[in-house]
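Participant: Encoded as structure tokens, here's the structure I'll be asking about.
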Amino acid sequence: MKILGIETSCDETAAAVVEDGVSILSNQIASQVAIHARYGGIVPEVASRQHILAIIPIIEQAMAEAKVAWSDLDGLAVTVGPGLAGSLLVGVNVAKAMALAHHLPVIGVNHLEGHIYANWLGEGTADSAPVFPLLCLIVSGGHSDLVLMKGHRDYLMLGRTRDDAAGEAFDKAARILDLGYPGGPAIEQAARSGSASIQLPRAWLKGTNDFSFSGVKTALLRLAEEGKIQAGTDAAASFQEAVVDVLVTKTVAAAREYRVKQILLAGGVAANKLLRQRLMASSPLPVLVPAPVLCTDNAAMIAGCGYYHLRAGEVGVLEMDVIPSLKLA
Ligand code: KG4
Ligand code: ZN
């Protein structure tokens, strides 16, 4: 089954063709980072206008790279939420129009579920495919969720952030330290030339699987305001260390408690090297992590996830709408 995936939930216009939920035939992304960097963050109205300009060319590029015509496709998968309403609308309306014009089934995909299914993508995954039950740590710009997955499309939310998401915390810390946008890669880059010598607080929220990152961010802001940060690189390394420490410690504890077989990492922050390495080193269980390019927003993960829905006989309707605050569980 060849599925065309479309992703426009935030600031990347993306299209990809994936076969049987595993093989990536193409994966095209038109990033708006350079445009939003001027404002230090995403401007929703600008994002939706850029999606309108980029969506058709990016679909054509994805189909050309995969060497497929519309008649070669078995279906379309598109992100319906969560995300920015105006951005989601562009992808969903184009997907519905193409499905109608080319007589193809279309399925609406939850963006967070797409992030999880990035772990099924790639050559050789047939043998190394995820084994249930597994624990997903989803860390993106909008979410920090610990989710128990007992089977395909079977989720139990164990914990979530009570304030800032991990990616959001990286973005805010980068702004405090004047490191630019997007913050995650900027902090990671700066941290390479610094040492984690500054003590920053960790919110353990004992007895829960929840996270909180507003305290560490505020502590960093205080230090910056009081002029107590000598080297931005040390502050970046210390901040990264504090966030990764909490994410890894709590994830490994939850994996033990729920006796899962594997830990799966997903979302933009999963591209962070320290997080990947520390989780692999600390976990007694196998840790699955997508290739870095499949951690941040892309359409291959949406097409891959859509395959499992279509294979199960689910089909969306042309009346389907965007759901900006869609939950995973
Ligand atoms: O999943 P994603 O691409 O978009 C959302 O669904 O939100 O995640 C974006 C978030 C941003 O906050 C970005 O700063 C963060 O992921 N991020 C990183 C890294 N790359 C992206 N955070 C830490 N280290 C990175 N290397
Ligand atoms: Zn995302």
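Participant: Which values, in whole Å and largest first, are the semi-axes of the equivalent ellipsoid of region 31-103 obtained as the square root of 5 times each eigenvalue of the Cα gyration tensor? Display every interim value, and only then the final one.
Facilitator: Numbers: eigenvalues 136, 42, 16 Å².
One finds semi-axes of 26, 15, 9 Å for region 31-103.
Participant: Heads up, I need the accessible area for residue 243: 1.4 angstrom probe, whole protein in place, Å², nearest 10.
Facilitator: 0
Participant: Around residue 198, which amide H atoms from residues at least 5 apart in sequence, or from another chain, sit under 5 Å from its own amide H, with H modelled in the peptide plane?
Facilitator: Sorted by chain and number, the residues that satisfy this are 238.
Participant: Let me know the Kirkwood hydrodynamic radius for region 61-198, please, with Cα pairs as the basis and the value in Å to one decimal.
Facilitator: When all Cα pairs of region 61-198 are included, the Kirkwood radius is 18.2 Å.
Participant: How large is the accessible surface of residue 269 in square angstrom, using a 1.4 angstrom probe and rounding to the nearest 10?
Facilitator: Per-residue accessible area (residue 269): approximately 20 Å².
Participant: A further question on this structure: Mind checking the dipole of the chain: about its Cα centre, +1 per Lys or Arg Cβ, -1 per Asp or Glu Cβ, Debye to the nearest 20?
Facilitator: On the way: 26 positive and 32 negative charges, 181 e Å.
Rounded to the nearest 20 debye, it is 880 debye.
Participant: Work out Dmax and Rg for region 184-329 from the C-alpha atoms and quote the Rg first, both in angstrom.
Facilitator: Expressed in Å, the Cα Rg and Dmax of region 184-329 come to 18.6, 59.
Participant: Right, here's the next one. When only C-alpha pairs under 8 Å and at least 6 residues apart count, what is the relative contact order of the chain, in percent?
Facilitator: On the way: 760 pairs, mean separation 84.1, N = 329.
With pairs under 8 Å counted, the relative contact order is 26 percent.
Participant: Along the charge dipole of the chain, pointing to its positive end and built from +1/-1 on Cβ of Lys, Arg, Asp and Glu, which listed residue (70, 30, 157) has its Cα farthest out?
Facilitator: 157
Participant: Only helical DSSP H runs with n ≥ 4 go in: add -39500 (n - 2.57) per run for the chain, normalise by residue count and round the 222 nm mean residue ellipticity to 500 deg cm²/dmol. Can you show the working numbers first?
Facilitator: Numbers: 12 runs with 141 residues, N = 329.
When only DSSP H runs of four or more count, the value is -13000 deg cm²/dmol.
Participant: Let me ask something additional. Treating the Cα atoms of the chain as identical point scatterers in vacuum, please give the log10 of the normalised Debye intensity I(q)/I(0) at q = 0.08, 0.15 Å⁻¹, two decimals.
Facilitator: Results for the chain at q = 0.08, 0.15 Å⁻¹ read -0.36, -1.20.
Participant: May I ask which of 206/327; 2/150; 67/150; 67/273; 67/327; 228/250 have a Cα-Cα span longer than 28 Å here?
Facilitator: On the way: 206/327 24 Å; 2/150 26 Å; 67/150 36 Å; 67/273 34 Å; 67/327 35 Å; 228/250 30 Å.
Result: 67/150; 67/273; 67/327; 228/250 exceed 28 Å.
Participant: At a Förster radius of 30 Å, what calculated FRET efficiency corresponds to the Cβ-Cβ distance of residue 100 and residue 46, to the nearest 0.05? Intermediate values should be presented prior to the final figure.
Facilitator: Values: r = 29 Å, r/R0 = 0.96.
The computed FRET efficiency comes out at 0.55.
Participant: Follow-up. Across region 292-307, in residue order, what do the Karplus-derived ³J(HN,Hα) couplings come to in whole Hz, using 6.51 cos²θ - 1.76 cosθ + 1.60 with θ = phi - 60° and x for Gly and Pro?
Facilitator: Listing the rounded values in order: x, 5, 9, 7, 7, 4, 7, 9, 4, 5, 6, 5, x, 5, x, 4 Hz.
Participant: Please state, to two decimals, what the Cα-based radius of gyration of region 278-329 comes to when divided by 2.2 N^0.38 Å (N = residues). Mind dumping the intermediate values first?
Facilitator: Numbers: Rg = 15.7 Å, N = 52, 2.2 N^0.38 = 9.9 Å.
That ratio works out to 1.59.
Participant: Once the Cα atoms of helix 85-102 and of the chain are each reduced to a long axis, what angle between those two axes, in degrees from 0 to 90 to the nearest 10, is obtained?
Facilitator: It is inclined by approximately 20 degrees.
Participant: Then there's this: Please give, to one decimal in nm, the separation of the simple spin-label points placed at residue 60 and residue 197, each 7 Å out from Cα toward the Cβ.
Facilitator: Simple spin-label model gives 5.5 nm for this pair.
Participant: Quick one: which residues, 5 or more positions from residue 211 or on another chain, have an amide H under 5 Å from its amide H? H modelled 1.01 Å from N in the peptide plane, none for Pro or chain starts.
Facilitator: 160, 161, 162
Participant: Go ahead and set up a Gaussian network model of the chain, Cα springs under 10 Å, then flag whichever of 19, 319, 45 fluctuates most.
Facilitator: Among 19, 319, 45, the largest mean-square fluctuation in the Gaussian network model of the chain belongs to 319.
Participant: Using all alpha carbons of region 137-234, what is the percent of pairwise distances in each 10 Å bin, ordered from the shortest bin to the longest?
Facilitator: Binned Cα distances yield the sequence 16, 41, 29, 12, 3, 0.
Participant: Here is a follow-up. Largest first, what is the accessible-area ranking of 192, 38 with a 1.4 Å probe? Let's see the in-between values first.
Facilitator: On the way: 192 145, 38 175 Å².
Per-residue accessible area, sorted high to low, gives 38, 192.
Participant: Let me ask another. As an exercise, identify the GluC sites (Glu not before Pro) in region 165-265 lying in DSSP coil whose Cβ has no more than 13 other Cβ atoms within 10 Å. Walk me through the numbers before you get to the answer.
Facilitator: Values: sites: 168, 188, 225, 226, 241, 257; in loops: 226.
Qualifying residues, ordered by number: 226.
Participant: What are the residues whose amide H is under 5 Å from the amide H of residue 26, where those residues sit 5 or more places off or on another chain and H is modelled from the backbone?
Facilitator: Placed amide hydrogens put 17 under 5 Å from residue 26.
Participant: Please calculate the 1.4 Å probe accessible area of residue 256, with all protein chains present, and give it to the nearest 10 Å².
Facilitator: My reading of the accessible area for residue 256 is about 150 Å².
Participant: In cubic angstrom, how much convex hull volume per residue do the alpha carbon atoms of region 247-323 span?
Facilitator: Details: hull volume 10.5 nm³, N = 77.
Considering the Cα atoms of region 247-323, their hull volume per residue is 137 Å³.
Participant: Suppose all protein chains stay in the model; what accessible area per residue would a 1.4 Å probe give for region 199-329, in Å²?
Facilitator: Using a 1.4 Å probe on heavy atoms only, each residue of region 199-329 averages 45 Å².
Participant: Using only the heavy atoms of the protein chains and a 1.4 Å probe, how would 112, 158 rank by accessible area, largest first?
Facilitator: Working: 112 5, 158 30 Å².
Heavy-atom accessible area, descending, gives 158, 112.
Participant: Something else about it: Using heavy-atom solvent-accessible surface (probe 1.4 Å) with all chains present, what is the largest-first order of 211, 132? Please list the in-between numbers first.
Facilitator: Values: 211 0, 132 50 Å².
Descending accessible area places them as 132, 211.
Participant: Where both partners of a DSSP beta bridge lie in the chain, what percent of those bridges are antiparallel, to the nearest 5? Mind dumping the intermediate values first?
Facilitator: Numbers: 26 of 43 bridges.
The answer is about 60 percent antiparallel.
Participant: With angles folded into 0 to 90 degrees, how steeply does helix 214-225 sit against the dominant principal axis of the chain? Use alpha carbons for both and round to 10.
Facilitator: 60
Participant: Right, next: Using only Cα atoms and rounding to the nearest 10 degrees, what angle (0 to 90) does helix 273-282 make with the longest principal axis of the chain?
Facilitator: So the helix axis and the longest Cα principal axis differ by about 80 degrees.
Participant: Roughly to the nearest percent, how much of the accessible area of the chain is carbon and sulfur, given a 1.4 Å probe? Don't skip to the answer; put the middle values down first.
Facilitator: Values: 7240 of 13500 Å².
With neighbouring chains kept in place, the figure for the chain is 54 percent.
The values are calculated or read from the model by the stated rules, or taken from the named source; none is laboratory data. Just so it is clear, the model here is predicted, and its values are computed rather than measured. All Cβ positions, glycine included, derive from the backbone under ideal geometry; neighbour counts span all protein chains shown. Accessible surface is based on the protein model in full, side chains and every heavy atom, while ligands, DNA and RNA are left aside. Shrake-Rupley method; radii C 1.70, N 1.55, O 1.52, S 1.80 Å.
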